[in-house]
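Engineer: To start, I am sharing the structure in question, which I have written as structure tokens.
The values are calculated or read from the model by the stated rules, or taken from the named source; none is laboratory data. Keep in mind that this is a model prediction, so the values were computed, not measured. Because the Cβ atoms are built from the backbone with ideal geometry, glycine has one as well, and the counts that use them run over all protein chains shown.
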Amino acid sequence: MEDTDRTIDVVAQQTGFGDRNRMRRAFLRAYGQPPQVIRRQSRGCVPIKEIALAEALTGAGTPGEQRSAAARRACARRRRR
């Protein structure tokens, strides 16, 4: 999921979840975050609102503080497309 450009729907089908809602529930139980957030984090592009939500749910430090300048630039380029 982190290394593909396929949609979450396609990934859910290919991995045996059946649909995106089942995959989402499984990810929330296992990781405390939906698959979309995990995908964005792996790509270094997490909106501030989602960082705050993840912090509130897990009590973890902000992934945004750990992002490098290169990752922030890559995120900005993807948003412009």
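Engineer: Please list, ordered by first then second residue, the pairs with beta carbon atoms under 8 Å, 6 or more apart or interchain, first in region 5-18 and assigned to a loop (DSSP other than H, G, I, E, B), second at pLDDT 90 or above and buried (at least 17 other Cβ atoms within 10 Å of the Cβ).
Structural biologist: Thr15/Met23; Phe17/Met23; Gly18/Ala12
Engineer: If I go through region 32-57 residue by residue, how many of them are assigned to a helix (DSSP H, G or I) and either at pLDDT below 90 or basic (Lys, Arg) (or both)?
Structural biologist: Looking only at that region, the number is 17.
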